[in-house]
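Everything on this sheet refers to the single structure shown next.
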Amino acid sequence: MTTNKRQNDASISDGIAPKRIRGGGGVDAMNFVGDEMIDEDFIEMIEEQNPEDFIPDDVEDFDDGDSVIAASRSKWLRPPLESRLTNENDLNVQWLDIDMVAGPPLKRNPNRKKSVVAGNTNGQQVPIIRVYGVNEQGHSITMFIHGFTPYAYFALPQQFPAKAFTEKVKKDIRRLLDGRLRNAQRSNHGKLNEYVLAVQYVGDHRSIMGYETSHTQFLKVHLAMPTLVPTLKRIVEGGIDLGIPGFTGEIPLAAFECNVPFVLRYMIDMDITGAGWLTLPQETYKVRSKNEKQTHCQIEVDITYDDVVARKSEGEWNKIAPIRILSVDIECQGRKGHFPEAEKDPVIQIANTVTVYGEKEPTIQNVFTLKGCLPIVGAQVISSDKEEDMLMKWRAFLECSDPDIITGYNVQNFDIPYLLDRATALAKGSSQSKTKLANFSLWGRVKNSRAKMRDTMFQSSAYGRRSNVETTIDGRVIFDMLPYMQRNHKLSSYTLNSVCSEFLGQQKEDVHHSIISDLQNGSDEDRHRLAVYCLKDALLPQRLMDKLSCLVNYIEMARVTGVPVSFLISRGQQIKVFSMILRKCQDEKLLVPTLAKQGSAGGDVGYEGATVLDPIKKYYTDPIATLDFASLYPSIMQAWNLCYSTLVSPTDVNRVNPDKYKKSENGHCFVHSNVKKGILPTILEELLTARKRAKRDMKLAPTEFERAVQNGRQLALKVSANSVYGFTGAIVGHLPCLPIASSVTSYGRYLLEKTKEFVEDKYTIANGYEHNAQVIYGDTDSVMVKFGTSDLKEAFRLAEEAASKASKIFPSPILLEFEKVYYPYLLMNKKRYAGLMWTQEDKYDKMDTKGLETVRRDNCALVRDIIQTSLNKILIDRNVRGAIDYVKSQISNLLQNKMDISQLVITKSLNKGAEYALGLPGGKKDDYKVKQAHVELAARMRKRDAGSAPQMGDRVPYVIITGAKGAANFEKAEDPVYVLENNLPIDCKWYLTNQLSKPLTRIFEPIIENVDKNLLQGDHTRKIFIPTPSARKGSLMMFAVKATTCIGCKAPVDASKGFLCKHCVPKEAEIYLSKLAVMREAELRYNDLWATAQKIHGTVHSDIMCTGDGCACQFYRRKKVQTDIKLAQQVLDKFGR
Amino acid sequence: MFEARLANGKTLKDIIESIKDLVNDANLDCSEEGISIQCMDSSHVSLVSISLAANAFDHYRCDRPLSLGLNSANMAKIFKMMGKDDSVVLKAEDEPDNLTMMFENDKTDTIADFELKLMDIDNEQLGIPDTPYKCTIQMPAGEFQRIIRDLQVLGDACTISCTKEGIRFTVSGSIGTGNILIRAHDAEKEENSVKIEMEEPVELSFALRYLNFFTKATPLSAQVVLCMSPEVPIVVDYPIEDTGFVKFYLAPKIDEGDEEE
């Protein structure tokens, strides 16, 4: 027994816990209670002893010995259960997380009306689905759902005689498959008594692929465990003997619906949507007693799978339960010059905010600190002297507060792995720490389940490629705000600071991690400062989440598409559409084939995308109306009934009555909807109708929360509808179908051309209109029309008329809508335009720009500012002359180095491939072929100071400094802070030619002639400033001496004779005043910046430590003005002598 | 009022040519003593010092000190239009916006005049104080140019060591190493001889890229003078007869950082 137990411990402390499916929560829990199996009588006996105790209070197995924790516990817990729970009432739960374990089957059905437990009963382990959720009162619930088993379909040959499929044949096939599965099992570990539970013949389903399909008969195989499905698929696809005359020998059968994740399978079969409400009807479930409980949830129930009632997310069931959200942020004490590493650097603070959905203010705010810290208003400070104690206290807090969702900023890749790694590192240090921290990683809801980390690569066409650490915490969803922002918002910087200033109008102090160490080593007050900062970091993601309704949007997306919330976070777009298709197919008795993954053979199988009508580039001062197709691609699929199930394959075309189908614009045939309505059109129709409803509900919504939910819903519906087309075109996807995707785009092109034709034919002088209308541009789903009138009202009227008339010539539901007028409108190129947008006649809405540098990130702020201001002047003020003057003055400022350096900073992120240049392990030369400025700079910064240097994945800010002739860009890139400190000269001309000239030319080309000559060259470029770099080791400046020159006219003067040349001496007073003015200006600037920074960071009596480049406190500017004052003072000092 | 006439206009043209790759914009300082340019190159690694005394000109007048902000590339464009034997006249007002350049050719009796728009360059005057050097090497400018050019093929940095034996240029790079030794000797023609004056041996390492830029001044002078002392910048001096010079200063590379690159 002893040896056995040790082994068990070892496997846990490895951190590589056995796969959930094998280890089984049930077995673990048993071991935890005692080594021997406990019989039911024993359980019942304990149950009777303390029947009232239902609070998931685990004080006994958690001995922190800290009075603070013990006292706080009651504040952290969820609302207590009012009375002892029985199964007399219906239990409503909004579920959030789902997983599966293997465990022993139920002995008897908790539903007394049903005597048999569904599924396998021969005593071997069975899959048990665990669903975690919250009820209306905010109590946490785990549902153990029993009896659901995985299955797969395989298509039988076309001529297969259904009659021949006798019980005996079924038995034979079952035995055959069972034997093969058994043999395929490599080790004895986890051997089952029975692999195949049942074999069925299915004759009333068909394959979704094609209007005419040969797959109409199927073999349905039920299996004991979900992990067996891929093996079975491989075996059957390899060929099996069906044991019927004419069908002997190894006949390979095509697999259907083998790639559906088990939990999703269950959800689809039971019509359960993601994060929806489930009702457990009275007397169908059994509440577990305290001693039976396997989790820390307040309520635990057993139920069989078919007793769970899924509520449709409408009406009452649209509500959201009081979900608990924990936002975490940690601070680490890094060593000088190094990014914190869990192996070496301690965690010094952990700040937490717990919010309950629906409440405005956080329920709990606290911060765990290492060493003392002054009290903080509104938050509890829990200090510890030892790191181990702090970590364990935090874990106790996590368990008590029992969050459903854990959020934070970059928690997924930093905070969570760091805490886990840190505990592992500490445990290695001493046996005492090891004992203390033995239970640290027990973060899950399931007792004794450890948080497990693994590295994943996530790749998706929509979100790009990212490497992540994926941590599984049983029963809790990790919802990291950083990836959410990266996925859903295009920003120039994703630091918490800039994101918050963008969306919350709030700033935080961006403390560089090298300063943190000093604060930690300081006094209680210093640590207080750090704690406040840390708390803010925990609070901001929370606020962001509320402000952007992230949670609601994701919940609604899960409800609409029917996948668990965690799928939305960790998986791409496809699974959503796949889930919707599967659901719909179930109603229609269709089956989805499991296609072999086609590698990335993308290249030659592409198809023609959307079309763009050639733009007529010009600056239009007349109103330009925009006609848009509403939801173009979805409505095309509906209008022409494009679907997998309506596609007539080229070989079948001859056999199908030509009246039944229509050839699409590029030659694929789809049957009419009255012959057979496609799955995709049906899904789309439902989505779009639901969206209309959601939009209407949103308007009628009585509360703000309600409105947020409906808004999230309509957004989710829109996104889902649009992603259907992408799903059919994704070659590496679940079910690609290029005939559909290419037909969609071809119809799109057709519609665009038709619209252009219609408008230009109808609105002519010949037809009695005042002007000839002209389509000046069109892209994918919109056309821009110049009706010729200069009257805005008239343009509105004509456009509305045109839209409704044009819509009539197209089949329903294709709808051309008039949305907006651009007036004036600057059309620069394809996908590049700017205009003042009007949706009502009396007032313009905003300036709308597309494809311009105002949004692109690889440009410096200067470009964005100049472009924005010029456009404002051109479009809003209609002052072209003013715009030109403005650009000239900006260029002149740039060349005189009057430009603030933050305006010139360009940022690029260190992506994969840069490892080689940085000398990191795993870097391959092949991945880094062309030297990139930001990568080379990061490598150089690493040599200077590895700690403050950018890490992989960071965005590297840089400016371009002057270099020798022919020096490449990557040699000229430099860290802005380094530039400021050393007063290095910025290559202003580079900025002019490489950053400004192209975008400016583009904007001004349609307006003035010869932009190059009139704008970019001339007198305003002839005044320049060349700074003198400060001396640093090894540079020539160590040896150079500044020659004394006349302050007035720069002529060289003899230092001993004064500071002015003889010609300037008479003007001394005048010169002094002008220099004094320079000084005063710098001082004022300094004052302003300082005051602003203090205001932003809410502190008047301590240093501003913020170094964030995205922060509105203008770190670079503050740095620059300091240098300016110093120089000005030096000049003034000369006068005194 | 500033006015200066140089019979041999080519000298001025060569001066501008020699710095135009190194310096984009520079102030030409004119005083009673002559004209001079002192500035750092655009990457702020090396320093250029040019001087042409008043007596080098056949006519020279400067009422008050002036700083003329020149764009070297634009000035070089104008010098492109100068004939081989032309004399050149520079003219500017006291607070000038333009520099007038006149090219006169006595043989063909042509006078071409140009106006170059001046820049307002706000910078500080820098200079390296004169110090005695441990080693002074005189060698043919063409020879120096060839060595530097050749060694660039092999690497980025070149070690120049001066010993009794002679002067040695060493380079090593990814494709191999190179080593050129020149012994001091007297040649028939004075300008072809190599002379070394040495107090103690010196070995310093420099970026070849900059040395190569310096050799653009080769047309100005038959001989180049290299002055070195341990841990101070090298001086690459191209004397212009007795009336002026073009000097370049470059700090030696130090082992730990290659940041100057």
>> Residues that are more than 13 Å from every other protein chain (Cβ to nearest Cβ), over 11 Å from the mean Cα position of the chain (by Cα), assigned to a helix (DSSP H, G or I) and surrounded by fewer than 22 Cβ atoms within 10 Å (Cβ to Cβ): does region B:2-9 have at least one?
In response: no
> Which fully enclosed strands (runs of 3 or more DSSP E) of region A:432-515 have 2 or more residues being out of contact with any helix residue (DSSP H, G or I) (no Cβ under 6 Å at 6 or more places or on another chain), modelled with pLDDT under 80 and closer than 20 Å to residue A:412 by Cα?
Replying inline: A:452-460, A:464-472
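Results for (1) surrounded by fewer than 19 Cβ atoms within 10 Å (Cβ to Cβ); (2) under 24 Å from the mean Cα position of the chain (by Cα), shown as yes or no for each residue.
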site	(1), (2)
A:281	yes, no
A:311	no, no
A:321	no, yes
A:356	no, yes
A:364	no, no
A:368	no, no
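Mind telling me which of the residues A:694, A:690 ends up being at pLDDT 85 or above, crowded, with 21+ Cβ neighbours inside 10 Å and of a type in the set (A, V, I, L, M, F, W, C)?
Details: A:690 fails: crowded, with 21+ Cβ neighbours inside 10 Å.
Just a single option satisfies the conditions, and that option is A:694.
The rows are residues; the columns are (1) touching a strand residue (DSSP E or B) at 6+ places or on another chain (Cβ under 9 Å); (2) over 16 Å from residue A:502 (Cα atoms).
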residue	(1), (2)
A:525	no, yes
A:530	yes, yes
A:533	yes, yes
A:546	yes, no
A:550	yes, no
A:553	no, yes
A:556	no, yes
A:559	no, yes
A:566	yes, yes
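Looking at A:841, A:753, which one is in the same structural domain as residue A:673 (by TED's automatic domain parsing) and not in a loop (DSSP other than H, G, I, E, B)?
Values: A:841 fails: not in a loop (DSSP other than H, G, I, E, B).
Unique residue meeting the criteria: A:753.
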>> Quick check on region B:101-124: of everything there that is β-branched (Val, Ile, Thr), part of a strand (DSSP E or B) and surrounded by fewer than 16 Cβ atoms within 10 Å (Cβ to Cβ), which residue is farthest from the other protein chains (Cβ to nearest Cβ)?
In response: B:110
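Which one is nearest to residue B:22 (Cα to Cα), of the residues in region A:992-1016 that are more than 14 Å from chain B (Cβ to nearest Cβ) and hydroxyl-bearing (Ser, Thr, Tyr)? So that I can check it myself, show each step before the final result.
Going through region A:992-1016, the residues more than 14 Å from chain B (Cβ to nearest Cβ) turn out to be A:994-1016.
Cutting the leftovers down to hydroxyl-bearing (Ser, Thr, Tyr) gives us A:997, A:1001.
On the way: A:997: 24, A:1001: 29 Å.
Per the stated criteria, the residue is A:997.
So, of the residues in region A:527-561 that are among the hydroxyl-bearing types (Ser, Thr, Tyr) and in a helix (DSSP H, G or I), which turns out to be surrounded by the most Cβ atoms within 10 Å (Cβ to Cβ)? Give the steps one after another, and end with the answer.
Kept after step one, since they are among the hydroxyl-bearing types (Ser, Thr, Tyr), are these residues of region A:527-561: A:533, A:549, A:554, A:561.
Adding the requirement that they be in a helix (DSSP H, G or I) leaves A:533, A:554, A:561.
On the way: A:533: 22, A:554: 23, A:561: 25.
Filtering region A:527-561 for residues that are among the hydroxyl-bearing types (Ser, Thr, Tyr) and in a helix (DSSP H, G or I), the one surrounded by the most Cβ atoms within 10 Å (Cβ to Cβ) comes out as A:561.
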>> Return the residues of region A:1017-1032 that are closer than 17 Å to residue B:119 by Cβ, facing another protein chain (nearest Cβ under 8 Å) and assigned to a loop (DSSP other than H, G, I, E, B); say none if nothing qualifies.
In response: A:1022, A:1026, A:1027
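Looking at the structure I just gave you, is residue A:590 in contact with a His (Cβ under 9 Å, 6 or more places away or on another chain) and either under 30 Å from residue A:328 (Cβ atoms) or outside the structural domain of residue A:690 (by TED's automatic domain parsing) (or both)? Break it down into steps so the answer makes sense when it comes.
Details: in contact with a His (Cβ under 9 Å, 6 or more places away or on another chain): yes; either under 30 Å from residue A:328 (Cβ atoms) or outside the structural domain of residue A:690 (by TED's automatic domain parsing) (or both): yes.
Yes; evaluated as a whole, the condition is true for this residue.
Looking at region B:33-50, is at least one residue of a type outside the set (Asp, Glu), free of Cβ contacts under 8 Å to residues at least 60 places away in the same chain, out of contact with any helix residue (DSSP H, G or I) (no Cβ under 9 Å at 6 or more places or on another chain) and facing chain A (nearest Cβ under 10 Å)? Explain how you work it out, then say what you get.
Applying the first criterion (of a type outside the set (Asp, Glu)) to region B:33-50 yields B:34-40, B:42-50.
Filter again for free of Cβ contacts under 8 Å to residues at least 60 places away in the same chain, leaving B:35-37, B:42-44.
Then drop every residue that is not out of contact with any helix residue (DSSP H, G or I) (no Cβ under 9 Å at 6 or more places or on another chain), which leaves B:36, B:42.
Next cut, facing chain A (nearest Cβ under 10 Å) only: B:36, B:42.
Yes, because at least one residue in region B:33-50 is of a type outside the set (Asp, Glu), free of Cβ contacts under 8 Å to residues at least 60 places away in the same chain, out of contact with any helix residue (DSSP H, G or I) (no Cβ under 9 Å at 6 or more places or on another chain) and facing chain A (nearest Cβ under 10 Å).
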>> What's the number of the only condition in (1) among the hydrophobic types (A, V, I, L, M, F, W, C); (2) surrounded by fewer than 19 Cβ atoms within 10 Å (Cβ to Cβ); (3) under 18 Å from residue B:231 (Cα atoms) that residue B:135 fails to meet?
In response: (2)
> Just for region A:942-978: of the residues that are part of a helix (DSSP H, G or I) and crowded, with 21+ Cβ neighbours inside 10 Å, which one is farthest from the other protein chains (Cβ to nearest Cβ)?
Replying inline: A:976
>> Need the failing condition index for residue A:995 against (1) outside any loop (DSSP other than H, G, I, E, B); (2) surrounded by 15 or more Cβ atoms within 10 Å (Cβ to Cβ); (3) free of Cβ contacts under 8 Å to residues at least 24 places away in the same chain, just the number.
In response: (3)
> Would you pick out the residues in region B:81-100 that are assigned to a strand (DSSP E or B) and within 14 Å of chain A (Cβ to nearest Cβ)?
Replying inline: B:92, B:98, B:99
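Filter the strands (runs of 3 or more DSSP E) completely within region B:149-261 down to those with at least 2 residues that are within 14 Å of chain A (Cβ to nearest Cβ), aliphatic (A, V, I, L, M) and closer than 27 Å to residue B:127 by Cα.
Numbers: elements: B:157-162, B:167-173, B:176-182, B:195-198, B:202-207, B:223-228, B:234-240, B:244-250.
Ranges flagged: B:202-207, B:234-240.
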> Across region B:51-66, what is the total count of residues that are more than 13 Å from chain A (Cβ to nearest Cβ) and outside any strand (DSSP E or B)?
Replying inline: 5
>> Step by step: first the residues of region A:1060-1086, then only those that are surrounded by fewer than 17 Cβ atoms within 10 Å (Cβ to Cβ) and either more than 59 Å from the chain's Cα centre (by Cα) or within 30 Å of residue B:131 (Cα to Cα) (or both), then the one that is farthest from the other protein chains (Cβ to nearest Cβ). Which residue is that?
In response: A:1069
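Test residue B:165 against the stated conditions and say whether it is surrounded by 11 or more Cβ atoms within 10 Å (Cβ to Cβ), more than 22 Å from the chain's Cα centre (by Cα), among the charged types (D, E, K, R) and more than 21 Å from residue B:248 (Cβ to Cβ).
Numbers: surrounded by 11 or more Cβ atoms within 10 Å (Cβ to Cβ): yes; more than 22 Å from the chain's Cα centre (by Cα): yes; among the charged types (D, E, K, R): yes; more than 21 Å from residue B:248 (Cβ to Cβ): yes.
Yes, satisfied.
If I ask for residues that are within 14 Å of chain A (Cβ to nearest Cβ) and either in contact (Cβ under 8 Å) with a residue 40 or more places away in the chain or part of a strand (DSSP E or B) (or both), which ones from region B:125-148 would you list?
Residues of region B:125-148 that are within 14 Å of chain A (Cβ to nearest Cβ), as a first pass: B:125-131, B:133.
Once the filter is applied, which keeps residues that are within 14 Å of chain A (Cβ to nearest Cβ) and either in contact (Cβ under 8 Å) with a residue 40 or more places away in the chain or part of a strand (DSSP E or B) (or both), region B:125-148 yields B:125, B:126, B:127, B:128, B:131, B:133.
Among the residues of region A:191-213, is any among the polar types (S, T, N, Q), in contact with a Leu (Cβ under 8 Å, 6 or more places away or on another chain) and in a loop (DSSP other than H, G, I, E, B)?
No; the residues of region A:191-213 include none that is among the polar types (S, T, N, Q), in contact with a Leu (Cβ under 8 Å, 6 or more places away or on another chain) and in a loop (DSSP other than H, G, I, E, B).
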>> Can you pull out every residue in region A:1039-1059 that is aliphatic (A, V, I, L, M), within 7 Å of chain B (Cβ to nearest Cβ) and within 58 Å of the chain's Cα centre (by Cα)?
In response: A:1040, A:1041, A:1043
> Does residue B:35 count as of a type in the set (Val, Ile, Thr), surrounded by 16 or more Cβ atoms within 10 Å (Cβ to Cβ) and farther than 18 Å from residue B:3 by Cα?
Replying inline: no
>> Can you list residue pairs whose Cβ atoms sit under 6 Å apart, with the first residue in region A:196-218 being surrounded by fewer than 17 Cβ atoms within 10 Å (Cβ to Cβ) and the second being in a loop (DSSP other than H, G, I, E, B) and modelled with pLDDT under 85? Count only pairs 6 or more apart in sequence or on different chains.
In response: A:212/A:652; A:214/A:158
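The values are calculated or read from the model by the stated rules, or taken from the named source; none is laboratory data. Owing to the predicted nature of the structure, the values given are computational and were not obtained by experimental measurement. Heads up, the Cβs are rebuilt from the backbone with ideal geometry, glycines too, and the neighbour counts pull from every protein chain shown.
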